[in-house]
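These notes concern the structure reproduced below.
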Amino acid sequence: MRRPLDIVRWTAAATLLRASVEKWAYPQWTDPLLAAKPQMTMSATPELFMQAAGVIEFTLAFALVRTPLVRRVAALILTGIFVSAIFEFGKVDAIGHSGIIVVLLGIAADDARTTVRARDAARAPAYYGGALAAFLALYYLGHEALFDTGQQFPELAKLAVIYETAPGDGACRNAYCTWIVSFIFGWMPHWMMKSPGSLRVKVACLPGS
């Protein structure tokens, strides 16, 4: 039986997972902030900083749906990140993040215990890869469907199209399987780090093409 706190925890995790993908999809949204406070990047390039921030946030958010100890530690780390931002950005940031901070503190204080099996821990990388693939697809394709960004993101639009190649052309015979494998297991390839406008993926071909 799910407790109300479990529902809140899963919802908070989903919210932060989506927000982390946003850092990869639209890193330029943070350009004015990084220009005003360049010390935030700790001497890293803005591109690397945003990539790393997305990875850290996604990983910690994913940890919120894992075992009790893992999710409590992740909640404490995320709380520290949000609270530390208040000292840099003031009361506006405090008001904006107060809700998620309260939720994270509730998760950190949750002392519920569950039985953890070794096989569940062994499957964690697969679950992580699946969550990454799912949220990337939902974010990019969701924006394509909701905002009709086919003109702005021409390469992204190809994800929803199956192309037929000329007879005898086997260049993309296994493109779909290759894309799925690279999407899940190549979890941070170079094209994921680019904005949707420069997304490069492999597309499926019709059977027998």
| said: Out of everything in region 10-35 that is surrounded by fewer than 16 Cβ atoms within 10 Å (Cβ to Cβ) and among the β-branched types (Val, Ile, Thr), what residue ends up being farthest from Glu144 (Cα to Cα)? | reply: Thr11
| message | List the residue pairs whose Cβ atoms are under 7 Å apart, where the first residue sits in region 21-36 and is not assigned by TED's automatic domain parsing to the domain that holds Ala53, the second is among the polar types (S, T, N, Q) and crowded, with 20+ Cβ neighbours inside 10 Å, and the two are 6 or more positions apart or on different chains. | response | none
| request: Report yes if some residue within region 142-156 is surrounded by 15 or more Cβ atoms within 10 Å (Cβ to Cβ), part of a loop (DSSP other than H, G, I, E, B) and at pLDDT 85 or above; otherwise report no. | output: no
| remark: Here the residues within region 53-88 that are closer than 16 Å to Ala12 by Cβ, part of a helix (DSSP H, G or I) and not aliphatic (A, V, I, L, M) are Glu57, Phe58, Thr59, Phe62, Pro68, Arg71, Arg72, Thr79, Gly80, Phe82
| Tabulated pairs, region 75-96, first under 19 Å from Lys37 (Cβ atoms), second of a type in the set (Ser, Thr, Tyr), C-beta under 8 angstrom, 6+ apart or interchain | none
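The values are calculated or read from the model by the stated rules, or taken from the named source; none is laboratory data. The structure displayed is predicted, hence computed values, not measured ones. Here Cβ is always computed from backbone atoms with ideal geometry, including for glycine, and neighbour counts include all displayed protein chains.
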